[in-house]
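Reviewing the structure listed below.
The values are calculated or read from the model by the stated rules, or taken from the named source; none is laboratory data. Predicted model only: the values in this text are computed from it and were never measured. Glycine also receives a Cβ, built like all others from the backbone with ideal geometry; neighbour counts cover every protein chain displayed. Surface accessibility is based on the protein's heavy atoms, side chains included, excluding ligands, DNA and RNA. Shrake-Rupley method; radii C 1.70, N 1.55, O 1.52, S 1.80 Å.
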Amino acid sequence: MATAPPSHPRPAQPQVRRRARPAPSEPRLLLLNKPFDVLSQFSGDGTHQTLSDFVDVPNVYPAGRLDRDSEGLLLLTNDGALQAHIADPRHKLPKTYWAQVEGAPDEAALEKLRTGVRLSDGITRPAEAALLPDPALWPRDPPIRVRTQIPTHWIALTLREGRNRQVRRMTAAVGLPTLRLVRVQIGPWCLDGLAPGQWHEVVPHLPA
């Protein structure tokens, strides 16, 4: 009678540890009053201040841009859909700027800004433009250059597109060079009295 071969115990199967998926980050939306001469990014080459000098919230990024020599409202979010909605000019999200210009805007210049100005990259879309009483903003550091023989005035300009340095190019095209530029509103979000470098958080939502 044949003898059965000795049985060997099966090696223990290694336990598979399933790594728990990290909980999704809660959507966040920050409103920052970006100061003059600050880059709208978190990294830099050390020659200018960046957003990291003012915002210590991880994983938020600018929704859109604001030039280094411009001031005012900048939105930051960790929500990709919201960031794309705000930044994409196809959504025509209105953005309002206060521009201190050199010269005296007359109705003809304002009407050109409203109906469309021819720039090197085409005619601008219709905009809202109006004279603005001196808004008595915070002092800019450094202050703007002022020529004693030429007055300055403020205008409010609302755009629904986002070309590079568009406000400055538009005012220059109608003979009103911009000396200071402050963005005060993007869609439903306003500067809300924030001092330069200050920010606060609001409930994020896609604007209608």
* Solution diffusion estimate, µm²/s, Stokes-Einstein, the range 66-170, Kirkwood Rh from C-alpha pairs, 10 °C, viscosity 1.306 mPa s -> 103
* To do: Could you do me a favour and compute the accessible area per residue for the chain, 1.4 Å probe, result in Å²?
  => 61
* May I ask for the percentage of alpha-carbon pairs in the chain that lie more than 33 Å from each other? => 28
* Test item: Cα-centred dipole of the chain, Lys/Arg +1 and Asp/Glu -1 on Cβ, debye -> 900
* To do: With the full set of protein chains in place, find how many percent of the accessible area of the chain is carbon and sulfur; take the probe as 1.4 Å.
  => 53
